[in-house]
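Q: Quick one: the structure is below, and I'll ask about it shortly.
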Amino acid sequence: MTATETPTIDSKIQDLCQAIVTDTAVQHARDQAEAFLADEASVSLYREVMNTGNRLDRRHRAGEEISDEEVAAYEELQAKSDANEGIRAFNNAQQVLQEVANKVNAYVMKTLEKGRVPAPEEIAAASSGGCCGGSGGGGCGC
């Protein structure tokens, strides 16, 4: 089956995408993300925290020793990041957008698995644990 053979599905996907675009929570999250991306100082701080954290993590995984000074410097950088309103808003926006994507994916996957539209309880049960269930219980680091 190709996309050209599924006009009903294509139409419903377009409807879903339109509903997502017009959702006020999604609009607000996108606005927050755009505001963050326009704030060069916040973006720079965010990148510095991410790059430093990744670098320290790689070194730790490689068995290298991380000095107390390096840890303290990273913690200070992280505290600055945590206090930055733009970064906090961006992180919240990312969470909202990821939750929407996860919910859409969960419904589609469960529909394909069951061959019917799943009840909200089935989606809630499926997302309340395990890998990428959002509860942190999975082995994937979620």
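Q: Within segment 111-142, restricting attention to residues that are over 21 Å from D23 (Cβ atoms) and part of a helix (DSSP H, G or I), which residue is modelled with the lowest pLDDT?
A: A126
Q: Further, regarding this structure: If a residue has to be among the hydrophobic types (A, V, I, L, M, F, W, C) and modelled with pLDDT under 95 to count, how many in segment 4-19 make the cut?
A: Residues that pass the stated criteria total 1.
Q: Okay, moving on. Is there any pair linking a residue in segment 42-70 that is more than 23 Å from N91 (Cα to Cα) and at pLDDT 95 or above to one that is surrounded by 10 or more Cβ atoms within 10 Å (Cβ to Cβ) and β-branched (V, I, T), with Cβ under 7 Å and at least six apart or on different chains, and which?
A: From segment 42-70, the pairs are R59/I66; H60/I66.
Q: What are the residues in segment 56-74 that are surrounded by 13 or more Cβ atoms within 10 Å (Cβ to Cβ), under 27 Å from the mean Cα position of the chain (by Cα) and not aromatic (F, W, Y), if any?
A: Once the filter is applied, which keeps residues that are surrounded by 13 or more Cβ atoms within 10 Å (Cβ to Cβ), under 27 Å from the mean Cα position of the chain (by Cα) and not aromatic (F, W, Y), segment 56-74 yields L56, R59, A73.
Q: When you go through V43, V21 one by one, which is the residue that is aliphatic (A, V, I, L, M), part of a helix (DSSP H, G or I), out of contact with any helix residue (DSSP H, G or I) (no Cβ under 6 Å at 6 or more places or on another chain) and exposed (fewer than 12 other Cβ atoms within 10 Å of the Cβ)?
A: Among V43, V21, only V21 is aliphatic (A, V, I, L, M), part of a helix (DSSP H, G or I), out of contact with any helix residue (DSSP H, G or I) (no Cβ under 6 Å at 6 or more places or on another chain) and exposed (fewer than 12 other Cβ atoms within 10 Å of the Cβ).
Q: Restricting attention to segment 8-42, report how many residues are of a type in the set (A, V, I, L, M), under 17 Å from the mean Cα position of the chain (by Cα) and within 22 Å of L77 (Cβ to Cβ).
A: 2
Q: Evaluate the following for I87: is it more than 24 Å from A126 (Cα to Cα), aliphatic (A, V, I, L, M) and not in a helix (DSSP H, G or I)?
A: no
The values are calculated or read from the model by the stated rules, or taken from the named source; none is laboratory data. Keep in mind the model is a prediction, meaning the values are calculated, not measured. With ideal geometry, Cβ positions are generated from the backbone for all residues, glycine too; neighbour counts draw on all protein chains shown.
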